[in-house]
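Asks: Take this structure, written in structure tokens, and hold onto it; I'll ask about it next.
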Amino acid sequence: MTAMPLTIDRRRLQDILAEHLPVFAVKVPHYQAVMLDSLLELWIGRPARLLDIGGGTGVIAQAMADLFPVESVEAIDLVDRFCPTLKVPTRQYDGRHIPSADNAFDAAVLNNVLHHVPPEVRADLMREIRRAVAGPVYIKDHLAVGMIDRLRLTALDAWGNIPFGGMVKANYLSRPDWDALADAGGYRIGAIAGPAGYRTGLAGLAFPNRLEITMRFDPA
């Protein structure tokens, strides 16, 4: 199957997010739109059940349910900070064991999650995802080259996560780290999205867009 080159309707995305997080009534969700576009660049097929792992407030799972070629979306996270107005089902889990049968889901997504997972348990988590998810795993995360990048990403995480009660503690991955993680989990990196314009101007100079990466892990 080939990827589907689609883009997100920015106005509709803002309406969806604002329904659950009022801040988006005035805040344009540029970052979220670019992130979703990068996922759609790699998207294949129409999964019947998509699992959003580390879904946070759940608003991105809701946006994917409303805007993506997918039949249903479920979100899980370590902490229950899901918006109570969501229409998608949500569950809290322990971060290690996905509460589902083998191959219960057709695809999964992890948006800015894996750099918050302790390095010593990442491979185990990917193997658990491989058990519960029959198809590809779409990963939007960060790419670090050296200590300066890691310092930039620490500041970026604080900027983006603290207002929403998200996790800040992180350990960022390099490209060899991503390749090794895919292999340890029983995957291969099947596709990587092209460059994306998350930030411009001074923000783009401080936090270059090369710090962002979107990949599709295909079952090996």
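Asks: Quick check on the range 134-177: of everything there that is surrounded by 16 or more Cβ atoms within 10 Å (Cβ to Cβ) and small (Gly, Ala, Ser), which residue is modelled with the lowest pLDDT?
Replies: Only one residue fits best here, namely GLY166.
Asks: If you don't mind, there's one more thing I want to ask. Which residue is farthest from PHE217 (Cα to Cα), if the candidates are limited to the range 126-148 and must be of a type in the set (D, E, K, R), touching a helix residue (DSSP H, G or I) at 6+ places or on another chain (Cβ under 6 Å) and assigned to a helix (DSSP H, G or I)? So that I can check it myself, show each step before the final result.
Replies: Step one: of the range 126-148, the residues of a type in the set (D, E, K, R) are 127-128, 130-131, 140-141.
Next cut, touching a helix residue (DSSP H, G or I) at 6+ places or on another chain (Cβ under 6 Å) only: 127, 130, 140-141.
Okay, now just the ones that are also assigned to a helix (DSSP H, G or I), so 127, 130.
Working: ARG127: 12, ARG130: 10 Å.
The qualifying residue farthest from PHE217 (Cα to Cα) is ARG127.
Asks: Looking at the range 46-125, what strands (runs of 3 or more DSSP E) fall wholly within it and have at least 2 residues that are within 21 Å of ARG10 (Cβ to Cβ)? Let's see the steps before the verdict.
Replies: Details: elements: 50-53, 73-77, 90-92, 107-111.
Per the criteria, 107-111.
Asks: Every residue in the range 24-60 that is over 23 Å from ASN209 (Cα atoms), surrounded by fewer than 21 Cβ atoms within 10 Å (Cβ to Cβ) and not hydroxyl-bearing (Ser, Thr, Tyr), please.
Replies: The answer is ALA25, VAL26, ILE44, GLY45, ARG46, ALA48, ARG49.
Asks: So which of LEU50, LEU42 ends up being closer than 25 Å to ASP177 by Cα and not acidic (Asp, Glu)? Explain how you work it out, then say what you get.
Replies: Details: LEU50 fails: closer than 25 Å to ASP177 by Cα.
Among LEU50, LEU42, only LEU42 is closer than 25 Å to ASP177 by Cα and not acidic (Asp, Glu).
Asks: Look at the range 67-99 and say how many of its residues are under 23 Å from PRO22 (Cα atoms), buried (at least 16 other Cβ atoms within 10 Å of the Cβ), out of contact with any His (no Cβ under 9 Å at 6 or more places or on another chain) and of a type in the set (A, V, I, L, M).
Replies: Of the residues in that region, 5 qualify.
Asks: To continue, here is another question. Can you tell me which residue in the range 208-220 is surrounded by the fewest Cβ atoms within 10 Å (Cβ to Cβ), limited to those that are in a strand (DSSP E or B) and within 17 Å of the chain's Cα centre (by Cα)?
Replies: We begin by selecting, within the range 208-220, every residue in a strand (DSSP E or B); these are 212-219.
Subset that is within 17 Å of the chain's Cα centre (by Cα): 212-218.
Numbers: GLU212: 24, ILE213: 19, THR214: 24, MET215: 23, ARG216: 23, PHE217: 26, ASP218: 15.
Top of the filtered list is ASP218.
Asks: Something else: State all residues of the range 184-207 that are farther than 29 Å from VAL121 by Cβ, touching a helix residue (DSSP H, G or I) at 6+ places or on another chain (Cβ under 8 Å) and either assigned to a loop (DSSP other than H, G, I, E, B) or acidic (Asp, Glu) (or both); if no residue qualifies, say none.
Replies: First, the residues of the range 184-207 that are farther than 29 Å from VAL121 by Cβ: 194-195, 197, 199-206.
Imposing the further condition that a residue be touching a helix residue (DSSP H, G or I) at 6+ places or on another chain (Cβ under 8 Å) reduces the set to 194-195, 197, 199, 206.
Within the range 184-207, GLY194, PRO195, GLY197, ARG199 meet the criteria.
Asks: Look at ILE129 and say whether it is among the β-branched types (Val, Ile, Thr) and in contact (Cβ under 8 Å) with a residue 40 or more places away in the chain. It would help to see each step written out before you state the result.
Replies: Values: among the β-branched types (Val, Ile, Thr): yes; in contact (Cβ under 8 Å) with a residue 40 or more places away in the chain: yes.
For ILE129, the condition - among the β-branched types (Val, Ile, Thr) and in contact (Cβ under 8 Å) with a residue 40 or more places away in the chain - is met.
The values are calculated or read from the model by the stated rules, or taken from the named source; none is laboratory data. Predicted model, so just to flag it, every value in this text is computed and none were measured. Quick reminder, even Gly has a Cβ in these numbers, built from the backbone with ideal geometry, and neighbours come from all protein chains shown.
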